[in-house]
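The values are calculated or read from the model by the stated rules, or taken from the named source; none is laboratory data. Remember, it's a predicted structure, so these values are computed and weren't measured experimentally. Note that we place each Cβ from the backbone using ideal geometry, even for glycine, and neighbour counts take in every protein chain shown.
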Amino acid sequence: MKYHDLPPSASILMESTRAIGYTIESALADILDNSITAKAKNIEITFNSFCEPFISVLDDGVGMKQSVLIEAMRYGSTNPLKSRKKEDMGRYGLGMKTASLSQCRCLTVASKNNGELNACRWDLDYINKVDKWTLIFLDQKEISKLSGINELISMEHGTLLIWTKLDKIDSGEKDLEKILIEKSSDVNEHLGLVFHRYISGDGVKKTRISINKRDVEYYDPFYKSKSTKLMDDEKVMLPGKKGEIVIQAYTLPHISKLSKKDQKICGGKDGFRKMQGVYIYRNKRLLVWGTWFNLAAKDDYTRLARVQVDIPNTLDEQWSLDIKKSVAQPPDGVKQVLRQILDKVLEGSKRVYKVREKKEVEEGLHIWSRMVSEEGVRYIINSEYPMLSHINDKLDNNSKKALKLFIEMIQNNLPLNILYSDIRSDEKILTDENSVRRERTCSLARFLLEQAKQLGTLESAYKKFKIMDEFKDFPVDLKKVYEEVKSE
């Protein structure tokens with residue numbers, strides 16, 4: 001048996017790994033994993049379109065001495081089969097390089113540790129010329145010319161990563177400045193969700209992330225301060241494996257109870273329907289979200305359901321974690337647990353909508369009536385509604401006919417499709433504020449009760465009002481008006 005070393009071509013392999021499938025958002029998220037592993041408290045991302053365009057990431061983590069920096073620049077710097085520190089966010093030892101060079105042709109990393117400042121670079125154009133794994137080291141004069149280096153120099157320790165030759169971003173189709181503005185917005189949204197527990201300090205020390213000096217706002221798909229926790233934490237251990245998996249289930253409050261800002265925090269840009277499902281976190285960093293892993297179908301009634309699954313980095317192989325850290329599949333043991341709790345989770349969301357529907361169709365006098373026939377469902381205005389009857393009694397025959405025709409026009413031109421679209425897209429359907437409704441209702445109640453008193457039907461009118469739409473929402477105010485009219 002003979003053996004022959006067959007190292008890959010540097011230029012071919014490095015060019016090939018650019019097509020792994022990173023987006024600029026997932027690439028920067030991979031870079032931030034390194035910063036968080038380095039215990040950074042502040043991470044500043046810069047998008048610059050002037051002179052030589054670049055994107056940089058500066059953090060105040062522990063930094064790296066030269067030997068550590070060289071090893072970090074190596075392709076395959078960490079064996080995925082070996083155990084790592086509990087807080088390590090890495091996996092294959094490829095992330096920083098493959099993520100960066102998927103977006104640019106030149107990656108420069110400068111790092112400061114114990115007063116020592118070093119920098120080195122992968123330049124794909126140079127690699128293509130020599131076809132060797134040649135890492136370029138920068139001297140102090142070259143380092144001093146790097147964009148953002150003065151901020152790193154002023155820090156006790158930290159790391160500055162710079163992308164230049166942005167060939168995947170600068171396609172030449174339109175103005176690069178506009179492209180970078182658009183990309184920075186996408187990155188802001190993505191990082192605000194993926195690292196929301198770090199930005200908000202949910203179970204970990206807070207990490208400040210900013211883009212062009214503006215703090216990234218976090219999205220919290222669980223909104224735990226207002227959500228309902230459906231069960232105690234479910235803890236799962238895989239046979240023969242180290243590390244505990246923790247599962248928690250929540251139901252969000254109904255959308256009508258959330259402000260526009262609250263909706264953005266827990267619904268994100270994709271809306272509640274798409275955001276329902278299981279959320280997989282590895283070391284508090286979000287990997288996968290908005291899926292039921294084929295254990296259930298997405299439904300409008302289940303869009304408030306969320307399941308949080310925390311996994312340790314010791315179970316990466318069992319979860320089939322990919323290089324980009326954007327794909328993970330639950331092991332069979334975890335799927336069995338999810339199946340067991342899924343009915344409870346989905347029912348929690350459905351219950352919110354069922355309770356709300358029940359309120360809208362409970363017994364009483366309603367302005368709108370729901371009519372069911374073989375052809376389908378129609379919504380019509382209740383002609384027996386007391387206020388409508390009162391108005392109708394005051395009109396002559398021609399006016400009554402005109403009112404009837406107008407009511408039929410309203411019934412036949414309900415914007416149901418638009419309304420349904422707004423509801424599906426989580427638009428909050430606005431109604432008057434309670435204070436405005438209360439004032440209007442009290443004025444109307446007084447007018448109608450005074451009319452009823454003159455006709456000698458005050459008691460019967462008051463009983464009807466107590467079960468009528470609008471009036472029944474303010475029973476205390478209605479009773480107060482009734483007592484006043486009665487005593488006058």
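Take the conditions (1) surrounded by 15 or more Cβ atoms within 10 Å (Cβ to Cβ); (2) modelled with pLDDT under 90; (3) in contact with a Ser or Thr (Cβ under 7 Å, 6 or more places away or on another chain); residue 63 misses just one of them, which is (2).
Considered as a group, the residues in segment 52-74 that are assigned to a loop (DSSP other than H, G, I, E, B) and under 19 Å from residue 211 (Cα atoms) include one that is farthest from the chain's Cα centre (by Cα), and that residue is 52. Within segment 180-190, being out of contact with any Phe, Trp or Tyr (no Cβ under 9 Å at 6 or more places or on another chain) and touching a residue at least 24 places away in the same chain (Cβ under 8 Å) holds for 186, 188, 190. Every condition in (1) of a type outside the set (Phe, Trp, Tyr); (2) part of a loop (DSSP other than H, G, I, E, B); (3) under 17 Å from residue 28 (Cβ atoms) holds for residue 185 except the one numbered (2). Of all residues in segment 4-36, those being part of a helix (DSSP H, G or I) and either under 23 Å from the mean Cα position of the chain (by Cα) or at pLDDT 95 or above (or both) number 13. Evaluation of residue 272 against the conditions (1) within 20 Å of residue 226 (Cα to Cα); (2) in a loop (DSSP other than H, G, I, E, B) shows that the sole unmet condition is (2).
Applying the criterion of being in contact with a Pro (Cβ under 9 Å, 6 or more places away or on another chain) and of a type outside the set (A, V, I, L, M, F, W, C) to the residues of segment 294-316, the residue that is farthest from residue 331 (Cα to Cα) is 306.
Condition first: closer than 23 Å to residue 347 by Cβ and not hydrophobic (A, V, I, L, M, F, W, C). Now tell me which residues in segment 277-294 satisfy that. Spell out how you get there, then give the answer.
Of segment 277-294, the ones closer than 23 Å to residue 347 by Cβ are 277-280, 289-294.
Correct list: 277, 279, 290, 291, 294.
Kindly provide the set of residues from segment 300-341 that are among the acidic types (Asp, Glu) and free of Cβ contacts under 8 Å to residues at least 24 places away in the same chain, ordered by number. Matches in segment 300-341: 322, 332. Contact map, segment 80-109: first residue in the same structural domain as residue 16 (by TED's automatic domain parsing) and of a type in the set (Phe, Trp, Tyr), second residue at pLDDT 60 or above and not in a helix (DSSP H, G or I), Cβ cut-off under 6 Å, separation 6 or more or different chains; pairs are 92/323. Within segment 104-119, the set of residues being over 17 Å from residue 35 (Cβ atoms) and within 36 Å of the chain's Cα centre (by Cα) comprises 104, 105, 106.
In segment 1-26, of all residues being aliphatic (A, V, I, L, M) and out of contact with any strand residue (DSSP E or B) (no Cβ under 9 Å at 6 or more places or on another chain), the one that is surrounded by the most Cβ atoms within 10 Å (Cβ to Cβ) corresponds to 10.
Only one residue in 146, 193, 166 is assigned to a loop (DSSP other than H, G, I, E, B), under 18 Å from residue 23 (Cα atoms) and not β-branched (Val, Ile, Thr). Which one? Give the steps one after another, and end with the answer.
Values: 146 fails: under 18 Å from residue 23 (Cα atoms); 193 fails: assigned to a loop (DSSP other than H, G, I, E, B).
None of the other options fit; the residue is 166.
Check every one of the helices (runs of 4 or more DSSP H) wholly within segment 379-488 and list those with 2 or more residues that are at pLDDT 75 or above and farther than 30 Å from residue 270 by Cα. By residue number, 386-393, 397-412, 434-455, 458-465, 475-487.
Which residue out of 274, 206 is in the same structural domain as residue 30 (by TED's automatic domain parsing) and of a type in the set (D, E, K, R)? Please lay out each step first, then the result.
Numbers: 274 fails: in the same structural domain as residue 30 (by TED's automatic domain parsing).
That would be 206, the only listed residue that is in the same structural domain as residue 30 (by TED's automatic domain parsing) and of a type in the set (D, E, K, R).
Among the residues making up segment 203-258, those that are outside any strand (DSSP E or B) and among the hydrophobic types (A, V, I, L, M, F, W, C) are 204, 216, 222, 230, 231, 238, 252, 255, 258.
Tell me, which residue of segment 37-48 that is part of a strand (DSSP E or B) and polar (S, T, N, Q) is modelled with the lowest pLDDT? Can you show your working first?
Narrowing segment 37-48 to residues part of a strand (DSSP E or B): 42-48.
From what is left, the residues that are polar (S, T, N, Q) are 42, 46, 48.
Working: 42: 97, 46: 95, 48: 91.
Residue satisfying both the conditions and the ranking: 48.
If you check 143, 162, 169, 153, which single one turns out to be among the β-branched types (Val, Ile, Thr), surrounded by 20 or more Cβ atoms within 10 Å (Cβ to Cβ) and either closer than 30 Å to residue 264 by Cβ or not assigned by TED's automatic domain parsing to the domain that holds residue 280 (or both)? Talk me through it step by step, then tell me what you get.
Numbers: 143 fails: surrounded by 20 or more Cβ atoms within 10 Å (Cβ to Cβ); 169 fails: surrounded by 20 or more Cβ atoms within 10 Å (Cβ to Cβ); 153 fails: surrounded by 20 or more Cβ atoms within 10 Å (Cβ to Cβ).
Exactly one of 143, 162, 169, 153 is among the β-branched types (Val, Ile, Thr), surrounded by 20 or more Cβ atoms within 10 Å (Cβ to Cβ) and either closer than 30 Å to residue 264 by Cβ or not assigned by TED's automatic domain parsing to the domain that holds residue 280 (or both), namely 162.
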